[in-house]
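Remarks on the structure that follows.
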Amino acid sequence: AKDHGGDRYFIYHGDMFQRVAHRVMMEGEVKQALAKGQFSLSLQPQLVAKTNKVHGFEALLRWQHPERGMVSPDDFIPLLENSEHMISLGYWVIRRCFELYKGMRDIGLSDVIIAINLSAAQFTDVNLQSYLEALLKEFDLAAENFELELTEHTLVKDIDKAIVTMDALRLLGFSFAIDDFGTGYSSLAYLKRMPVDVIKIDKSFVVGMLENHADFQIIMSTIAMVKNLGLTVIAEGVETKAQLRTLTENDCDLIQGYYFSKPIPEAGLFDFIGREIVD
Ligand code: C2E
Ligand code: CA
Ligand code: CA
Ligand code: CA
């Protein structure tokens, strides 16, 4: 049941109450979980399609809950949207990415990127830029080492303001990827107006791309369009060799998905790095 506001509000009142209660509980739990160190990151490699070289890693949040086990980010991040706790958690994620990058640089790896997911609340937070600038100084890292992933959902609120924020962060050297591309209502409008570097084809198109004609055509057109605009295109959710081969043959730049690697827990990251990847 969805609430549409207006008179429908009352019909779904019970449901709304439960959702609010659940959210309030979540917010409290997240605050505690941060203090208790229950969050970690997993890093999923992004590979250059034509060479199988590691291009970088997407940082994905993991919550090891003492009773509920591993809680999926899809089960708590949407609930926390617009909450101050999501902003704190988001800053924790960014700091952790800098720490991990410093660890990688210390073993001689400095030509990869870490892609960081930003929530809407975080992207519009007034402290974002100064926080990032402070971290660059503290860790002595280059902004070019980090890519910020935004969804259309993140951008939709105030496009003009989003562009101002993106321009400022790009001036520092950060790059931007549009995540889940094609799943929103106005992907093409964003592509035209946003100062982005990378387009991420959503995995919902990739999963059936070799069976479903429409998905296949959407992917091929997206790759061609993105390349013609001079931007980089990455496909996520690549699970099979056949998908990989088709995407590579059709000029998709980067590949992310279970076929190469599931997200790797922080502790296993340095074992992965340096390992030769053969498909
Ligand atoms: P996303 O940004 O679209 O991330 C990709 C999701 O696809 C990840 O799910 C990843 O584990 C999964 N995935 C990767 N390769 C494959 C594949 O080959 N097949 C399939 N079926 N799935 C694949 P995950 O880690 O559960 O994250 C879910 C979502 O939670 C993310 O979707 C993102 O929207 C959000 N999220 C995760 N970490 C963060 C974070 O630090 N901050 C924010 N704001 N959101 C995050
Ligand atoms: Ca993402
Ligand atoms: Ca995505
Ligand atoms: Ca997604």
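Answer yes or no as to whether Ala224 is farther than 26 Å from Ser42 by Cβ and not polar (S, T, N, Q).
yes
Quick check on this structure: which one of Ser72, Ser88, Ser83 is within 16 Å of ligand 2 (Cβ to nearest atom) and among the polar types (S, T, N, Q)? If you could, list the steps in order and put the result at the bottom.
On the way: Ser88 fails: within 16 Å of ligand 2 (Cβ to nearest atom); Ser83 fails: within 16 Å of ligand 2 (Cβ to nearest atom).
Only one candidate qualifies: Ser72.
Considering only residues that are surrounded by 18 or more Cβ atoms within 10 Å (Cβ to Cβ) and either assigned to a helix (DSSP H, G or I) or out of contact with any Phe, Trp or Tyr (no Cβ under 8 Å at 6 or more places or on another chain) (or both), which ones fall in the stretch 150-164?
Thr151, Glu152, Thr154, Leu155, Ala162
Return yes or no: is Glu152 within 16 Å of ligand 4 (Cβ to nearest atom) and not small (Gly, Ala, Ser)?
yes
Taking the criterion of being under 28 Å from Phe39 (Cβ atoms), within 16 Å of ligand 4 (Cβ to nearest atom) and surrounded by fewer than 17 Cβ atoms within 10 Å (Cβ to Cβ), would at least one residue in the stretch 244-260 satisfy it?
Checked against the condition, which is being under 28 Å from Phe39 (Cβ atoms), within 16 Å of ligand 4 (Cβ to nearest atom) and surrounded by fewer than 17 Cβ atoms within 10 Å (Cβ to Cβ), the stretch 244-260 yields at least one hit.
Has the stretch 21-39 got any residue that is at pLDDT 95 or above, among the hydrophobic types (A, V, I, L, M, F, W, C) and not in a loop (DSSP other than H, G, I, E, B)?
Within the stretch 21-39, one or more residues are at pLDDT 95 or above, among the hydrophobic types (A, V, I, L, M, F, W, C) and not in a loop (DSSP other than H, G, I, E, B).
If we scan the stretch 99-111, do we find a residue that is within 20 Å of the chain's Cα centre (by Cα), outside any helix (DSSP H, G or I) and among the hydrophobic types (A, V, I, L, M, F, W, C)?
Within the stretch 99-111, not a single residue is within 20 Å of the chain's Cα centre (by Cα), outside any helix (DSSP H, G or I) and among the hydrophobic types (A, V, I, L, M, F, W, C).
Counting only residues that are within 17 Å of the chain's Cα centre (by Cα) and within 15 Å of Met225 (Cα to Cα), which one in the stretch 170-189 is modelled with the highest pLDDT?
Residue satisfying both the conditions and the ranking: Ile178.
Would you confirm whether or not the stretch 85-95 contains a residue that is assigned to a strand (DSSP E or B), surrounded by 14 or more Cβ atoms within 10 Å (Cβ to Cβ) and not aromatic (Phe, Trp, Tyr)?
No: zero hits.
Considering only residues that are within 16 Å of ligand 4 (Cβ to nearest atom) and among the β-branched types (Val, Ile, Thr), which ones fall in the stretch 35-77?
If the condition is that a residue be within 16 Å of ligand 4 (Cβ to nearest atom) and among the β-branched types (Val, Ile, Thr), then Ile77 is the only one that fits.
Among the residues of the stretch 199-229 satisfying the criterion of being at pLDDT 95 or above and assigned to a loop (DSSP other than H, G, I, E, B), which is nearest to ligand 4 (Cβ to nearest atom)?
Filtering the stretch 199-229 for residues that are at pLDDT 95 or above and assigned to a loop (DSSP other than H, G, I, E, B), the one nearest to ligand 4 (Cβ to nearest atom) comes out as Asp202.
Within the stretch 122-144, count every residue that is part of a helix (DSSP H, G or I), modelled with pLDDT under 95 and either among the polar types (S, T, N, Q) or away from ligand 2 (no atom under 16 Å from the Cβ) (or both).
Counting residues in the stretch 122-144 that are part of a helix (DSSP H, G or I), modelled with pLDDT under 95 and either among the polar types (S, T, N, Q) or away from ligand 2 (no atom under 16 Å from the Cβ) (or both) gives 1.
Go over the candidates Leu47, Leu100 one by one and state the one that is aliphatic (A, V, I, L, M), farther than 30 Å from Arg245 by Cα and modelled with pLDDT of 95 or more.
Going through Leu47, Leu100 in turn, the sole match is Leu100.
The values are calculated or read from the model by the stated rules, or taken from the named source; none is laboratory data. Keep in mind that what you see is a predicted model, and the values were worked out from it rather than measured. Ideal geometry is used to build each Cβ from the backbone, glycine not excepted, and the neighbour counts take in all protein chains shown.
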